[in-house]
Amino acid sequence: MNTAPINLQEEYAKTEIAKILNLLDEELVGLAPVKSRIREIAALLLIDKLRRNLGITSANPGLHMSFTGSPGTGKTTVGLKMADILYQLGYIKKGHLLTVTRDDLVGQYIGHTAPKTKEVLKKAMGGVLFIDEAYYLYKPDNERDYGAEAIEILLQVMENQRDELVVILAGYKEPMDKFYESNPGLSSRIANHIDFPDYSVDELLQIAKIMLDDQQYQLTPQAEVALGEYIKKRKEKPLFANARSVKNALDRARMRQANRIFDSRGQVLTKKELVNLEAEDILQSTVFND
């Protein structure tokens, strides 16, 4: 057994984990519990790697994960960062993330599902397979459904090739909980369950400003108030998708701004008028259809 002391700071510096975690903080608004959990997992993986380097025997950490929460809460973004961390520490060979849904895995007729699922797994090997709305794989009320076959193949790979592939199952919390209850074999292979909370109104406003800044738009003070009121009401409506719903509202506002400017095309335009979104752009664009 190697007994030479280890400089933790040096080992940490050899990876880009600090950079990845900092980017996670910078790119994702809020989500403090999620960021804390990712840091805990990163710390466990780094220490496990150092133990193995010194010849200290320990069981391999479970790497398969479950991300639960509403749409638009950053699950895919966090999945990408997790793939980067796993790659930096040598737990996966390629570091890519492949996002799929039921349609990519389950066939329409006998003999179709196995080759579809195996082809997806082949593409994902060496990286992370992110299965969105994973609960749709299991439809016990339909005797002719082939989702169970895909689950069985996934289970085998998650167990027998866990050093070659990490699986993240994602979706709404309640249906995911039922999915795990119905498939205990899957549940037992998931070591890390991370719940993504919905964003607050203030956090969604902050996200909106970041989105607009990336496209060189800005809200006037009145437009910011109008968007805040819209978000507050939209959160109470069905099918609210957090940052995704905000993006849709901003896309409509940009369309309304363009039409407003086009309708007054006799005037001389300034940069300010091309950049600013006004309250009327928000109010006339934010119908609840996203």
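The values are calculated or read from the model by the stated rules, or taken from the named source; none is laboratory data. Bear in mind that the values here come from a model prediction, so they are computed numbers and not experimental data. Don't worry about glycine lacking a Cβ; one is built from the backbone with ideal geometry, like all the others, and counts go over all protein chains shown. Note: accessible area is taken over every heavy atom of the protein model, side chains too, but ligands, DNA and RNA are not part of it. Shrake-Rupley method; radii C 1.70, N 1.55, O 1.52, S 1.80 Å.
Between helix 113-124 and the chain there is an angle of about 80 degrees, using the helix long axis and the longest principal axis of the Cα atoms. Against the chain, whose longest principal axis comes from its Cα atoms, helix 201-214 is set at around 80 degrees. The Glu229 and Asp263 beta-carbon pair, evaluated with R₀ = 22 Å, returns a calculated FRET efficiency of approximately 0.35. Compared with the dominant Cα axis of the chain, that is its longest principal axis, helix 243-263 is turned about 30°.
Once all protein chains are placed together, Lys178 keeps about 110 Å² accessible to a 1.4 angstrom probe. At q = 0.16, 0.20, 0.21, 0.22 Å⁻¹ the log10 of I(q)/I(0) for the stretch 154-290 amounts to -0.83, -1.09, -1.16, -1.25, computed by Debye summation with a single uniform scatterer per C-alpha, solvent ignored. The Glu143 and Asp198 beta-carbon pair, evaluated with R₀ = 30 Å, returns a calculated FRET efficiency of approximately 0.25. Projecting the alpha carbon convex hull of the chain along each direction and taking the average yields 19.2 nm². When a/c is below 1.5 the answer is rounded, else prolate if a/b is larger than b/c, else oblate, so apply that to the stretch 109-159 with a ≥ b ≥ c taken from the square roots of the Cα gyration tensor eigenvalues. Verdict is prolate for the stretch 109-159. Computing FRET efficiency as 1/(1 + (r/R0)^6) for Gln156 and Glu26, where r is the C-beta to C-beta distance and R0 is 45 Å, gives about 0.70. Taking Cα pairs under 8 Å and at least six residues apart, what relative contact order does the stretch 162-257 come out at, in percent? Relative contact order here is 26 percent.
In loop segments of the stretch 53-109 as defined by DSSP, the chymotrypsin sites (Phe, Trp or Tyr not before Pro) with at most 16 further C-beta atoms inside 10 Å of their C-beta are Tyr109.
With a simple spin-label model that places each label point 7 Å from the Cα along the Cα-to-Cβ direction, the separation between Lys94 and Glu119 comes to 1.5 nm. Once backbone amide H atoms are built at 1.01 Å from N, Asp195 has Thr68 as its partners under 5 Å, excluding neighbours fewer than 5 places away on the same chain.
Eigenvalues of the alpha-carbon gyration tensor of the stretch 140-222, scaled by 5 and square-rooted, set the equivalent ellipsoid semi-axes at 39, 16, 13 angstrom, largest first.
Placing pseudo-labels 7 Å out from each Cα toward the beta carbon at Val275 and Glu174 gives an inter-label distance of 4.5 nm. Relative contact order, percent, of the stretch 49-115 when contacts are C-alpha pairs under 8 Å separated by at least 6 residues? Taking the mean separation of contacting Cα pairs over the length of the stretch 49-115, I get 16 percent.
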